[in-house]
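What follows is a short report on a single structure.
The values are calculated or read from the model by the stated rules, or taken from the named source; none is laboratory data. For clarity, every value in this text was computed on a predicted model and none was experimentally measured. For neighbour counting, all protein chains shown are included, and Cβ atoms are generated from backbone atoms with ideal geometry for every residue, glycine included. Heads up: the accessible areas ignore ligands, DNA and RNA and are worked out on the full protein's heavy atoms, side chains in. Shrake-Rupley method; radii C 1.70, N 1.55, O 1.52, S 1.80 Å.
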Amino acid sequence: MNNKDLFTLGDASRRIGPRSFTTLIKPGGSACNLACKYCYYLEKAELYGGRQPIMDPELLELYIKQYIDAVEHDVVEFCWHGGEPLMLGLDYFKRALKLQRKHSRGKRINNSLQTNGTLLDENWCRFFSDNGFLVGLSIDGPKDIHDAHRVNRGGRPTFDRVVAGVNLMNRLHVEYNTLSVVSRLSEGRGAEIYRFLRDELGSRYMQLLPAVDWLPSGELAPWSVSSEGFGQILCDIFDEWVRHDVGRSYVQIFDVTLSQLCGLPSGICTMGETCGEGLAVEHNGDVYPCDHFVWPEYKLGNIRENSLAELFDSEKRLKFALFKRNDLPPSCLRCEHYHLCHGGCPGHRTAEAHGGKNALCTGLRMFFEHSAPAMNRMRELLLSNRAPAEIMYEL
């Protein structure tokens, strides 16, 4: 048996255990009021004839019912995405909540929504606050970094409108986290970006999304962050965080790294052993195993023809999930840091001619090695039933 056929006891356990997965629902497809220069999703409209109508009410209800029925747990997590989902209008989401209540079958329903923040107003914020939405807000850092890539259809900057939206959410008690794309322009400014998000924006939950995009030539796009640059950004942010903000601010990759060190699941697909447990559902009911692999060859099917449960249980979805681990080069599997990154996102892997490793491998190694002393100490504190935040006093 070669590595590509590997099927572990953990794989079998997930296969026969209660069905659990998430969905990224895109009821408006890639429709968006912005034209971010690094966006990987705007081009997806071409898969659907250049236009993407809104998911109709009948299909929306079918999706909601199938998803709630498919998840064999008491809590079901809905994640509304795009494009820009606020372009659908407030009434669309009011209808969706009614359908969730209709088909909940006693399960608790949680909703999150990712937005660029430019369309936020008091009505939206009151709706999110009243209905317990967790809002993911896209903002890349200080004004010059953000506006370099995140522009509207007319090429105009968006920073001021996004900050106005954040101020509204803070005033109306909307729970939100920030998602910042880390591009070439971010290099050397990690601590500055972190302090801006923490001090000027008031963010306490931060996600850092590295921009890794490939040109048709096979080379990295010019806006892509370099591996060493990404590693240095993580190290600089970590140094600020570990001395001042443990237990106060949460940076996703730090939490995940500590979880992995403690033998817990990663919580995010990019650093898990396998992936494919976060399905992407398109406006017409097409289903893909991942938001970054919305291409015809990866399509699992359509919910009008097969249920979400059937598509998740399919052999095609399983093969995609195992590909993350089984297609790695042997050097990755032997790496001392494999248990932390598990090869990273398959979408970030280099061409086979260059070893097939993650394009951010060097940077991730930099971060793991730099943070190891403090991470291992926090692990010791946790295993002693003490708060990891105690490390701040020790440092």
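Mind checking which residues of region 83-128 are of a type in the set (Gly, Ala, Ser) and either open to solvent by less than 10 Å² (accessible area, probe 1.4 Å) or more than 24 Å from the chain's Cα centre (by Cα) (or both)? Ala96, Ser104, Gly106, Gly117 - these are the residues of region 83-128 that are of a type in the set (Gly, Ala, Ser) and either open to solvent by less than 10 Å² (accessible area, probe 1.4 Å) or more than 24 Å from the chain's Cα centre (by Cα) (or both). Restricting region 42-64 to residues that are touching a helix residue (DSSP H, G or I) at 6+ places or on another chain (Cβ under 8 Å) and surrounded by fewer than 19 Cβ atoms within 10 Å (Cβ to Cβ), the residue that is modelled with the lowest pLDDT is Arg51. Which of the residues belonging to region 22-33 are over 17 Å from the mean Cα position of the chain (by Cα) and surrounded by fewer than 19 Cβ atoms within 10 Å (Cβ to Cβ)? Of everything in region 22-33, just one residue is over 17 Å from the mean Cα position of the chain (by Cα) and surrounded by fewer than 19 Cβ atoms within 10 Å (Cβ to Cβ), namely Asn33.
Within region 270-288, identify whether any single residue is in a helix (DSSP H, G or I) and in contact (Cβ under 8 Å) with a residue 12 or more places away in the chain, and answer yes or no. Scanning region 270-288 turns up at least one residue that is in a helix (DSSP H, G or I) and in contact (Cβ under 8 Å) with a residue 12 or more places away in the chain.
Output the number of the condition that Cys79 fails; it satisfies all remaining conditions of (1) at pLDDT below 95; (2) part of a strand (DSSP E or B). The failed condition is (1).
Conditions (1) over 27 Å from Phe230 (Cα atoms); (2) among the polar types (S, T, N, Q); (3) buried (at least 17 other Cβ atoms within 10 Å of the Cβ); (4) out of contact with any helix residue (DSSP H, G or I) (no Cβ under 7 Å at 6 or more places or on another chain), marked per residue:
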position: Asp130; (1), (2), (3), (4): yes, no, no, yes
position: Asp144; (1), (2), (3), (4): no, no, no, yes
position: Arg150; (1), (2), (3), (4): no, no, yes, yes
position: Gly154; (1), (2), (3), (4): yes, no, no, yes
position: Pro157; (1), (2), (3), (4): no, no, no, no
position: Asp160; (1), (2), (3), (4): no, no, no, yes
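Residues satisfying the criterion are present in region 294-303 (criterion: open to solvent by 10 Å² or more (accessible area, probe 1.4 Å), within 20 Å of the chain's Cα centre (by Cα) and of a type in the set (Ser, Thr, Tyr)). Quickly run through region 312-346 and pick out the residues that are of a type in the set (A, V, I, L, M) and more than 15 Å from Cys275 (Cα to Cα). Within region 312-346, just Leu333 meets the criteria. Looking at region 370-379, can you tell me whether even one residue there is part of a helix (DSSP H, G or I), out of contact with any Gly (no Cβ under 6 Å at 6 or more places or on another chain) and under 30 Å from Leu279 (Cβ atoms)? No, because not a single residue in region 370-379 is part of a helix (DSSP H, G or I), out of contact with any Gly (no Cβ under 6 Å at 6 or more places or on another chain) and under 30 Å from Leu279 (Cβ atoms).
Quick grid of which residues meet (1) part of a loop (DSSP other than H, G, I, E, B); (2) without any contact (Cβ under 8 Å) to a residue 60 or more places away in the chain; (3) under 20 Å from Leu208 (Cα atoms):
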{"site": "Phe128", "(1), (2), (3)": "no, yes, no"}
{"site": "Val135", "(1), (2), (3)": "no, yes, yes"}
{"site": "Gly141", "(1), (2), (3)": "yes, yes, yes"}
{"site": "Asp144", "(1), (2), (3)": "no, yes, yes"}
{"site": "Gly155", "(1), (2), (3)": "yes, no, no"}
{"site": "Val166", "(1), (2), (3)": "no, yes, yes"}
{"site": "Met169", "(1), (2), (3)": "no, yes, no"}
{"site": "Thr178", "(1), (2), (3)": "no, yes, yes"}
{"site": "Val181", "(1), (2), (3)": "no, no, yes"}
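Every residue, every condition in (1) modelled with pLDDT under 95; (2) touching a Phe, Trp or Tyr at 6+ places or on another chain (Cβ under 7 Å); (3) closer than 19 Å to Asp144 by Cβ; (4) open to solvent by 10 Å² or more (accessible area, probe 1.4 Å), yes or no:
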| residue | (1), (2), (3), (4) |
| --- | --- |
| Ser186 | no, no, yes, no |
| Glu192 | no, no, yes, yes |
| Arg195 | no, no, yes, yes |
| Arg204 | no, yes, no, yes |
| Leu208 | no, no, yes, yes |
| Val212 | yes, no, no, yes |
| Gly218 | yes, no, no, yes |
| Trp223 | yes, yes, yes, yes |
| Ile237 | no, yes, yes, no |
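Is it true that Gly278 is under 18 Å from the mean Cα position of the chain (by Cα) and under 17 Å from Leu179 (Cβ atoms)?
Judged against the criteria, Gly278 is a match.
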